[in-house]
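Read through the structure below, which is laid out as structure tokens, and then see the notes.
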Amino acid sequence: NECQGFTPIVNGLVDNSLTSQAAEQRKTYTLPYEKNEVFGRPEDIPILPRTLTNVDTGEHRIRLLIGRDVRTKEPVYWEYGHPSLPNRHLTITGNSGTGKTYTVQVLLLELVRQGLPAIVFDYTGGFTQSQLDPHLVNTLGTRIKQHVVKAIPFPINPFKPQKTRLGDQWIEEQPYDVASRIRNILSAQYNFGEQQGSAVYRSVKTGVDDWGAAMDLDKLKAYLEKDKENSSASKSVLSKIQQLIDSHPFDSRSELDWGAVAEPGTIFVIQLLGYQRDIQVLLTELIVWDAWAWTVINGNEKSPFTVVLDEVQNLDPGEYGPVGRILTEGRKFGWSGWFATQFFPPSMQKAGGVERLQQSSIKLIFNPPQNILNEVVQLITTDKAQLNEWKNTVARLRKGQCVVVGYAASGTRLVKAAPRVVDIIPIEERLDDGQ
């Protein structure tokens, strides 16, 4: 298993001794683990079969412990592997400092200890080695991988025509498909008008026509500079994306096997620190689209492909953006999208993003900003008679407490559960109790 552009990792940490000059000389790296190798302390963290059902009994096995019901003290689970679960998507919302990121770490530990992988997009710094909970780091050790895109370009080409399925046939995208995707991503981030969007579309389409899978950001710049049909719009586009081009974030000569990245029992962090926020968002969406294309061909709903997207309010909330596509079509390709957000901006509400997030089979509601309390409570109930009661309950939530909205197991059946206030069980307590 070899793949280009991966950050060397020593004892679970990024090896920063590799200079940019050396990186240029060594374009191929062995993945920081061999396939099926057990890392960390295998006696403490057994690797279980990467499947959602026991092949002998047909019973579901994988469930993620969230915490304890504040009232009954009973454990509350995300029935992650239940075959009747509508999807494996999670929406988690709340104000800064209420425990959202910690809870994601808690659930990642539950996932990894049961042999499943996760991929985390980090542009807030919450998943750097120094910011992760030390109990999580000490327990998982080298099962936590960090790829710092600023240090070594990510090994994908966002201009590569992807394969898609139409009916019973697989077809490759045409240049106009690639051009439409890139135009939509850039336009959503920079609010491009019609002329700017047309300039992007023409330049990308011409480039893919000419170069195919060898098209890249530098060539996009050249085509925009040569665009005579609307030079003012092309110049405007270049002024926005020049820093993205100059940063060379992709190793476009490489092709990433996402199956090798999503190794059982590991957390793979795509670290986007060091870039401006607009570039972080663009990189996230471009990389997610590459992962989506891989799962369309290789994914299935019994092999979970868990991806954590923090600050999801910054991403394109539209139906054809990555978040919308994951929420509406991701289940059949194995996607388990974990979407964290502090608030719901008008753009997300206008594009139907909030309604799509409501489709998540489980929602964790932490104490939200006061100005969106009404919108957040709508995730819990639409019963007008209960709204005020839940407003008061949510406004009084302490750090580490949330309202869990979703499903629960009742014998072998899965039923819609009444919303419950839950205390998140700390990582160290989970380890001490052997839970």
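So that you can scan it fast, the table gives a plain yes or no per residue for (1) under 20 Å from Gly299 (Cα atoms); (2) open to solvent by 10 Å² or more (accessible area, probe 1.4 Å); (3) in a strand (DSSP E or B); (4) touching a residue at least 24 places away in the same chain (Cβ under 8 Å):
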site	(1), (2), (3), (4)
Gln129	no, yes, no, yes
Asn138	no, yes, no, no
His147	no, no, yes, yes
Ala151	no, yes, no, yes
Phe159	no, no, no, yes
Asp177	no, yes, no, no
* Structure fact -> Checked the range 382-420 for anything more than 27 Å from Gly81 (Cβ to Cβ) and β-branched (Val, Ile, Thr); matches are Thr382, Thr393, Val394
* Some residue of the range 182-196 being open to solvent by 30 Å² or more (accessible area, probe 1.4 Å) and assigned to a loop (DSSP other than H, G, I, E, B) -> yes
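If only one of Ala293, Ala340 is within 18 Å of Asn87 (Cα to Cα) and either modelled with pLDDT under 95 or open to solvent by 70 Å² or more (accessible area, probe 1.4 Å) (or both), which one is it? I'd like the intermediate steps shown before the answer.
Working: Ala293 fails: within 18 Å of Asn87 (Cα to Cα).
Testing whether each residue is within 18 Å of Asn87 (Cα to Cα) and either modelled with pLDDT under 95 or open to solvent by 70 Å² or more (accessible area, probe 1.4 Å) (or both) leaves just Ala340.
Table: residues versus (1) touching a residue at least 12 places away in the same chain (Cβ under 8 Å); (2) farther than 16 Å from Ile245 by Cβ.
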| site | (1), (2) |
| --- | --- |
| Glu173 | yes, yes |
| Ile185 | yes, no |
| Asn191 | no, yes |
| Gly197 | yes, yes |
| Arg202 | yes, yes |
| Leu217 | yes, no |
| Leu220 | yes, no |
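Please verify whether Val308 is open to solvent by less than 10 Å² (accessible area, probe 1.4 Å) and part of a strand (DSSP E or B), treating the condition exactly as stated.
Working: open to solvent by less than 10 Å² (accessible area, probe 1.4 Å): yes; part of a strand (DSSP E or B): yes.
Taking the combined requirement at face value, the residue satisfies it.
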* Structure fact -> Counting only residues in the range 399-422 that are over 16 Å from Trp78 (Cβ atoms) and touching a Gly at 6+ places or on another chain (Cβ under 9 Å), the one most open to solvent (accessible area, probe 1.4 Å) is identified as Lys399
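Those residues that are assigned to a helix (DSSP H, G or I) and either touching a Leu at 6+ places or on another chain (Cβ under 8 Å) or among the small types (Gly, Ala, Ser) (or both), I need them from the range 236-258; list them, please. Break it down into steps so the answer makes sense when it comes.
Restricting attention to the range 236-258, the residues satisfying the condition of being assigned to a helix (DSSP H, G or I) are 236-246, 258.
Ser236, Val237, Leu238, Ser239, Lys240, Ile241, Leu244, Ile245, listed by residue number.
Checking the structure you have, find out if any residue of the range 259-280 is farther than 30 Å from Gly115 by Cα, among the aromatic types (Phe, Trp, Tyr), in a loop (DSSP other than H, G, I, E, B) and open to solvent by 10 Å² or more (accessible area, probe 1.4 Å).
Pass one, the range 259-280, residues farther than 30 Å from Gly115 by Cα: 274-279.
Now narrow it down to the ones that are among the aromatic types (Phe, Trp, Tyr): 275.
Now restrict to residues that are in a loop (DSSP other than H, G, I, E, B): 275.
Then drop every residue that is not open to solvent by 10 Å² or more (accessible area, probe 1.4 Å), which leaves 275.
Checking the range 259-280: at least one residue is farther than 30 Å from Gly115 by Cα, among the aromatic types (Phe, Trp, Tyr), in a loop (DSSP other than H, G, I, E, B) and open to solvent by 10 Å² or more (accessible area, probe 1.4 Å).
I'd like the full set of residues that are among the acidic types (Asp, Glu), out of contact with any Gly (no Cβ under 6 Å at 6 or more places or on another chain) and closer than 20 Å to Trp294 by Cβ, limited to the range 203-259. Steps first, answer last, please.
Here is the first cut: in the range 203-259, the ones among the acidic types (Asp, Glu) are 209-210, 216, 218, 225, 227, 229, 246, 251, 255, 257.
Now drop any that are not out of contact with any Gly (no Cβ under 6 Å at 6 or more places or on another chain), which leaves 209-210, 216, 218, 225, 227, 229, 246, 255, 257.
Correct list: Asp216, Glu255, Asp257.
The values are calculated or read from the model by the stated rules, or taken from the named source; none is laboratory data. What you are looking at is a predicted structure, and each value in this text was computed from that prediction instead of being measured. Cβ atoms come from the backbone with ideal geometry, glycine included; neighbour counts cover every protein chain shown. All accessible areas refer to the heavy atoms of the entire protein, side chains included, with ligands and DNA or RNA removed. Shrake-Rupley method; radii C 1.70, N 1.55, O 1.52, S 1.80 Å.
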